[in-house]
Amino acid sequence: MKGVRAIAFLGGGRITGALIAGLRLAGYDSPVVVYDRNPRKLHTLGREFHAEVARDLKSAVERAEMLIVAVRPGSVAGLLDEVSACGAVLRAKIGVSLAAGVPLRKLRGRLGREVRWVRAMPSPVCRIGRGLTALTFERNVTQGERRRVREFFARVGQVIEIPENQFDAFTAVYSSSHGYHALATLAKVAQDAGLSRTTALTAAAHALSDGIVYWRQSGKALDDLLREAVTPGGIAAATMSAMDKAGYARVAASGVRAGIQQAKRNARG
């Protein structure tokens, strides 16, 4: 398959692994090339997901029909400088950045004017085909290119297109870490109330996961489901009321604000 055009990932970290796993699960059998300085990451991706390991940055870039930048925000500028300096013949017309907080204006022109940029924010849950990816495009990205990028990420879950000025808030809110954090917290409280760890996790996971699945599949309004589940004078009503009085909404808002501020720091880096 050497020489065949491919999706090329620059960076072999967790989100790259999750995306490739989701693509393979969805039956995507086209070539995927990965470049990373860490040989252990490359070995794992090659062994588990049949990704092709690029011997160097230049060879990865020259194979790319779509170039996906999957490194930490603080490493993006340096990586793009390396791409420019490596002497590769850049055939890709689309660059996709997965770096949280790094705006399009900091990507534009870094690899020449012919490369048009997209920001994508995929969830690690794309590993099992249940991801959520937000996209925002430079104005000069063609309709055909937009469709191609949407279709690529749609293989691993839902795709939405939002204005770039909403990206930081989306990034702070959509993370699966909210679910894991809530699960761990609720289960710990349940254990403290006397449940075994297994029962506490089972009960908390049902409350968070299965309830939300029902909301998704039923088509019912969230307010209607809250009224249905929280009977006046009942245990759920007392629980929710106490949580609200303790500042549940205030805590969530504080967390989201902190996430947005971190995204803005990434943009300045």
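The values are calculated or read from the model by the stated rules, or taken from the named source; none is laboratory data. The structure presented is a predicted model; accordingly, all values stated were derived computationally and were not measured. No Cβ is skipped: glycine too gets one built from the backbone with ideal geometry, and neighbour counts run over all protein chains shown.
Values computed for the structure shown
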| item | result |
| --- | --- |
| Residue within the range 212-231 that is in a helix (DSSP H, G or I), in the same structural domain as Thr16 (by TED's automatic domain parsing), among the aromatic types (Phe, Trp, Tyr) and surrounded by 11 or more Cβ atoms within 10 Å (Cβ to Cβ) present | no |
| Checking Val189 against (1) in a helix (DSSP H, G or I); (2) surrounded by 14 or more Cβ atoms within 10 Å (Cβ to Cβ); (3) not assigned by TED's automatic domain parsing to the domain that holds Gly17, the condition it does not meet | (2) |
| Positions within the range 93-114 being of a type outside the set (S, T, N, Q) and buried (at least 22 other Cβ atoms within 10 Å of the Cβ), in sequence order | Ile94, Gly95, Val96, Leu98, Ala99, Gly101, Val102, Leu107 |
| Within the range 155-186, considering residues that are modelled with pLDDT of 95 or more and part of a loop (DSSP other than H, G, I, E, B), the one surrounded by the fewest Cβ atoms within 10 Å (Cβ to Cβ) | Pro163 |
| Considering residues of the range 1-30 that are in contact with a His (Cβ under 9 Å, 6 or more places away or on another chain) and not aliphatic (A, V, I, L, M) only, the residue modelled with the lowest pLDDT | Asp29 |
| Test: residue in the range 87-109 that is within 20 Å of Arg146 (Cβ to Cβ) and in contact with a Ser or Thr (Cβ under 6 Å, 6 or more places away or on another chain) | yes |
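Here's the yes/no breakdown for (1) within 16 Å of the chain's Cα centre (by Cα); (2) of a type outside the set (S, T, N, Q); (3) at pLDDT 95 or above:
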site: Val96; (1), (2), (3): yes, yes, yes
site: Leu111; (1), (2), (3): no, yes, no
site: Trp117; (1), (2), (3): no, yes, yes
site: Met121; (1), (2), (3): yes, yes, yes
site: Leu135; (1), (2), (3): yes, yes, yes
